[in-house]
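The block underneath contains the structure these notes are about, expressed in structure tokens.
The values are calculated or read from the model by the stated rules, or taken from the named source; none is laboratory data. Being a predicted model, the structure only gives us computed values, none of them experimental. Cβ placement follows ideal geometry from the backbone for every residue including glycine, while neighbour counts extend to all protein chains displayed.
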Amino acid sequence: MKKYIIPFFICAAILTSCDVKKTEKGSLPEVDVDVEADAGNLPEYEVNWADVDLTTETRMVEVPKVVVVMEEEEVEVPVIDVDMPGEDKNERTLLVEAEVSDYDHELEIEEVRAANKKLYVIASLEKTETSLDGKTIRKQDQIDLNAPAMDVEYIIIGERPDRVFNKNNTYVASKANLNDAIKNATVIYSE
């Protein structure tokens, strides 16, 4: 039943949304028995469809504003120097970030572990009592590394904040929840 009602309403909407005006009367062709015929005349119609105009207007709307102030400042940054036989070293920054809202958090790299040319950067994320008054901020901590190229996995101990950005890292409830490969890796940095 529904498949007949919906097309009916669509046809009704199309026919009622425009103005059709007959502009010329139609006539059938005159036919002679000897198959000679005068040309017929079909009716002509003028169809006036809805007039659509696209313009712009200035209106007051709510727009999110983000204010980020970045200042360069000299701070003590841990530097890890790893020598591996036959491998060239590259300097790079191991940066762990989390996006938090509602309450401020402390984010700190606690350990860096290494195993089989892979680094595990383990950080802790702890909620503080400071309210952010509805704002969202990113927290970060970093360590500089001089070492051969290695894959890096970032693990944050703490509750994952409910933000899409935080899907970049692995979150675990405690160090006890780390898998055996990470637990058995060599600690090369510890806070």
(request) Kindly check whether there is at least one residue in segment 112-120 that is basic (Lys, Arg) and not in a strand (DSSP E or B). (result) yes
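What number of residues within segment 132-180 satisfy the criterion of being among the aromatic types (Phe, Trp, Tyr) and under 19 Å from ASP104 (Cα atoms)? Can you show your working first?
The first filter runs over segment 132-180 and keeps only residues among the aromatic types (Phe, Trp, Tyr), leaving 154, 165, 171.
Checking the rest, the ones that are also under 19 Å from ASP104 (Cα atoms) come to 165, 171.
Residues in segment 132-180 being among the aromatic types (Phe, Trp, Tyr) and under 19 Å from ASP104 (Cα atoms): 2 in total.
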(request) Go through (1) surrounded by fewer than 14 Cβ atoms within 10 Å (Cβ to Cβ); (2) closer than 21 Å to LYS183 by Cβ; (3) polar (S, T, N, Q) and name the single condition SER131 misses. (result) (2)
(message) Contact list please: Cβ distance under 6 Å, first residue in segment 95-107 and more than 8 Å from ASP141 (Cβ to Cβ), second residue modelled with pLDDT of 90 or more and not in a strand (DSSP E or B), pairs at least six apart or on different chains.
(response) VAL100/PRO161
(request) Please enumerate the residues belonging to segment 143-176 that are closer than 26 Å to THR128 by Cβ and over 29 Å from the mean Cα position of the chain (by Cα). (result) LYS175, ALA176
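Which residue out of VAL82, VAL96, VAL112, VAL75 is among the β-branched types (Val, Ile, Thr), on the phi < 0 side of the Ramachandran plot and loosely packed, with under 12 Cβ neighbours inside 10 Å? Give the steps one after another, and end with the answer.
Working: VAL82 fails: loosely packed, with under 12 Cβ neighbours inside 10 Å; VAL96 fails: loosely packed, with under 12 Cβ neighbours inside 10 Å; VAL112 fails: loosely packed, with under 12 Cβ neighbours inside 10 Å.
From the options VAL82, VAL96, VAL112, VAL75, the qualifying one is VAL75.
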